[in-house]
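Student: Next up is a structure, given as structure tokens.
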Amino acid sequence: AVVGTVALLALAPISGGSVPGSRPGAPLNPAALVGCLLALAGAGGAALMRERLAMVASLGASGLGLALFFLAVRAPDVAATQFLVETLTVVLLALVLRGMASVPDTGPDPRPWKLLHVAMAVLFGVAVGSAVWAATRGPLPGDMARWYLDNAYPAGRGGNVVNVILVDFRAFDTLGEILVVALAALAAGGLLDRGPAGRRPPGTSSSAAQPEFDSVLVRQAAYPLAAVLGATSLWLLWRGHYLPGGGFIGGLVAASGLVFLLLTFGRGRTRTLLRARPTSFLAVGLALAAGAGLFGLATGRPFLTAAWATPGGVSLGTPLLFDVGVFLTVLGAVLHISLRLAGERGD
């Protein structure tokens, strides 16, 4: 999924941000229809399956269907984020479920309750879908979308409107969002804490500290693949202001490579490779994102107002510094939770 995401981002400028077979404005978009059907099939499969890992995989397929839909409607940044989030979610949930004991079915026949759950789910889905349809069927007041399109390059010096909005026009909102990501990761890490290294609750398997992929071929390919993903994440970070990419997507790609190393070699070697604690990435990332706003204050302008310089003819600005902060915060959050799930104390 990660390799597919990178390929889609690379081809997005060529295809105009859509996939082959999708025609903007057409009565029926085949790619979007396939994405919707895959999302429905995944959600339905998860409701019917009994095995936990099969349910997680089915939910992942549902998320991939939504990503295909986003790509079909010309939203490559959102599609890439959805692809990466679903990939990491499946991996992390698999790690969680692996350590949970199976609970046998007890009590009365669960079929009436299942029918009730199905009915509630259908009604809730219809209600939410109807609300979204009613909210989007008519024109919205004003023309904010056109304003962003017209001002992204003149005011934000970027060709990727989504990234310009996130790191410039509405950077204060993004700062609050990555702060929530960091706090959520720290809270989740506390809940997942297994105690000091080498000590686990009675009856808990010690396999959490061992590599998941016991394969010579996987081990030989792990470092080259992680290096490629690391370099790709920096490429996505650098180009994000002009083409699909950015700090959030780049951070997820880098985290995917390190999580793959964690699953291949275990927490010890991964921690040695990092040379820093995930909480350090969180702290530095938040500091860089907040520090980018001080340049505006220093020149008498509002907080997080972009400042630009052109050393050697290369346009560099505080939005890139802000995006680096987003990159490190996302990377630290994913690693903090992943190492805790693997039995490693992240602080």
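The values are calculated or read from the model by the stated rules, or taken from the named source; none is laboratory data. No experiment lies behind these values; they were computed from the predicted model shown. As a convention, Cβ positions derive from the backbone with ideal geometry for all residues, glycine included, and neighbour counts pool all protein chains shown.
Student: Taking the stated definitions as given, is ALA298 in contact with a strand residue (DSSP E or B) (Cβ under 7 Å, 6 or more places away or on another chain), free of Cβ contacts under 8 Å to residues at least 24 places away in the same chain and more than 23 Å from ALA188 (Cβ to Cβ)?
Tutor: Working: in contact with a strand residue (DSSP E or B) (Cβ under 7 Å, 6 or more places away or on another chain): no; free of Cβ contacts under 8 Å to residues at least 24 places away in the same chain: yes; more than 23 Å from ALA188 (Cβ to Cβ): yes.
Against the criterion (in contact with a strand residue (DSSP E or B) (Cβ under 7 Å, 6 or more places away or on another chain), free of Cβ contacts under 8 Å to residues at least 24 places away in the same chain and more than 23 Å from ALA188 (Cβ to Cβ)), ALA298 does not qualify.
Student: Taking the stated definitions as given, is VAL259 touching a Gly at 6+ places or on another chain (Cβ under 9 Å) and at pLDDT 90 or above?
Tutor: Numbers: touching a Gly at 6+ places or on another chain (Cβ under 9 Å): no; at pLDDT 90 or above: yes.
Considered against the rule, which asks whether it is touching a Gly at 6+ places or on another chain (Cβ under 9 Å) and at pLDDT 90 or above, VAL259 comes out as no.
Residue by residue, here is whether (1) assigned to a helix (DSSP H, G or I); (2) under 24 Å from ALA185 (Cβ atoms) holds:
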site: SER58; (1), (2): yes, no
site: THR81; (1), (2): yes, yes
site: THR87; (1), (2): yes, yes
site: PRO112; (1), (2): yes, no
site: MET120; (1), (2): yes, no
site: TRP133; (1), (2): yes, no
site: GLY138; (1), (2): no, no
site: ASN151; (1), (2): yes, no
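Student: Something else now. When both residues are 6+ apart or on different chains and their Cβ atoms are under 7 Å apart, which pairs have a first residue that lies in the range 126-138 and is touching a residue at least 24 places away in the same chain (Cβ under 8 Å) and at positive phi, and a second that is not in a helix (DSSP H, G or I) and not hydroxyl-bearing (Ser, Thr, Tyr)?
Tutor: Close Cβ pairs satisfying both conditions: none exist.
Student: Right, something else. Go through the range 18-34 and report how many residues are under 13 Å from ARG74 (Cβ atoms) and either at pLDDT 80 or above or part of a helix (DSSP H, G or I) (or both).
Tutor: Residues flagged as under 13 Å from ARG74 (Cβ atoms) and either at pLDDT 80 or above or part of a helix (DSSP H, G or I) (or both) within the range 18-34 amount to 3.
Student: I would also like to ask the following. Give the number of residues within the range 257-286 that are farther than 19 Å from ALA184 by Cα and not in a loop (DSSP other than H, G, I, E, B).
Tutor: The first filter runs over the range 257-286 and keeps only residues farther than 19 Å from ALA184 by Cα, leaving 257-258, 260-276.
Narrowing the set further to residues that are not in a loop (DSSP other than H, G, I, E, B) leaves 257-258, 260-265, 267-274.
Of the residues in that region, 16 qualify.
Student: How do the pairs read when you match residues in the range 316-340 that are part of a helix (DSSP H, G or I) with residues anywhere that are aromatic (Phe, Trp, Tyr) and buried (at least 24 other Cβ atoms within 10 Å of the Cβ), using Cβ under 6 Å and keeping only pairs 6 or more apart or on different chains?
Tutor: Qualifying pairs under 6 Å: VAL326/PHE248; LEU328/PHE281; VAL330/PHE248; LEU331/PHE281; GLY332/PHE281.
For (1) closer than 30 Å to GLY266 by Cα; (2) at pLDDT 85 or above, each residue gets a yes or a no:
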residue	(1), (2)
SER15	no, no
LEU38	no, yes
PHE69	no, yes
PRO76	no, yes
VAL96	yes, no
PRO110	no, no
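Student: Scanning for something in a helix (DSSP H, G or I), touching a Ser or Thr at 6+ places or on another chain (Cβ under 7 Å) and more than 30 Å from LEU341 (Cα to Cα), does the range 303-312 turn up at least one residue? Steps first, please.
Tutor: Filtering the range 303-312 for residues in a helix (DSSP H, G or I) gives 311-312.
Those still in the list that are touching a Ser or Thr at 6+ places or on another chain (Cβ under 7 Å) too: none.
Scanning the range 303-312 turns up no residue that is in a helix (DSSP H, G or I), touching a Ser or Thr at 6+ places or on another chain (Cβ under 7 Å) and more than 30 Å from LEU341 (Cα to Cα).
Student: Let me ask something additional. Can you find a residue that is within 30 Å of TYR153 (Cβ to Cβ) and touching a helix residue (DSSP H, G or I) at 6+ places or on another chain (Cβ under 6 Å) anywhere in the range 254-273?
Tutor: Taking the range 254-273 as the starting set, the residues that turn out to be within 30 Å of TYR153 (Cβ to Cβ) are 254.
Okay, now just the ones that are also touching a helix residue (DSSP H, G or I) at 6+ places or on another chain (Cβ under 6 Å), so 254.
Scanning the range 254-273, I find at least one residue that is within 30 Å of TYR153 (Cβ to Cβ) and touching a helix residue (DSSP H, G or I) at 6+ places or on another chain (Cβ under 6 Å), so the answer is yes.
Student: Still on this structure, please answer the following. Looking at SER315 and the list (1) surrounded by fewer than 18 Cβ atoms within 10 Å (Cβ to Cβ); (2) under 22 Å from PHE172 (Cβ atoms), which single condition is not satisfied?
Tutor: (2)
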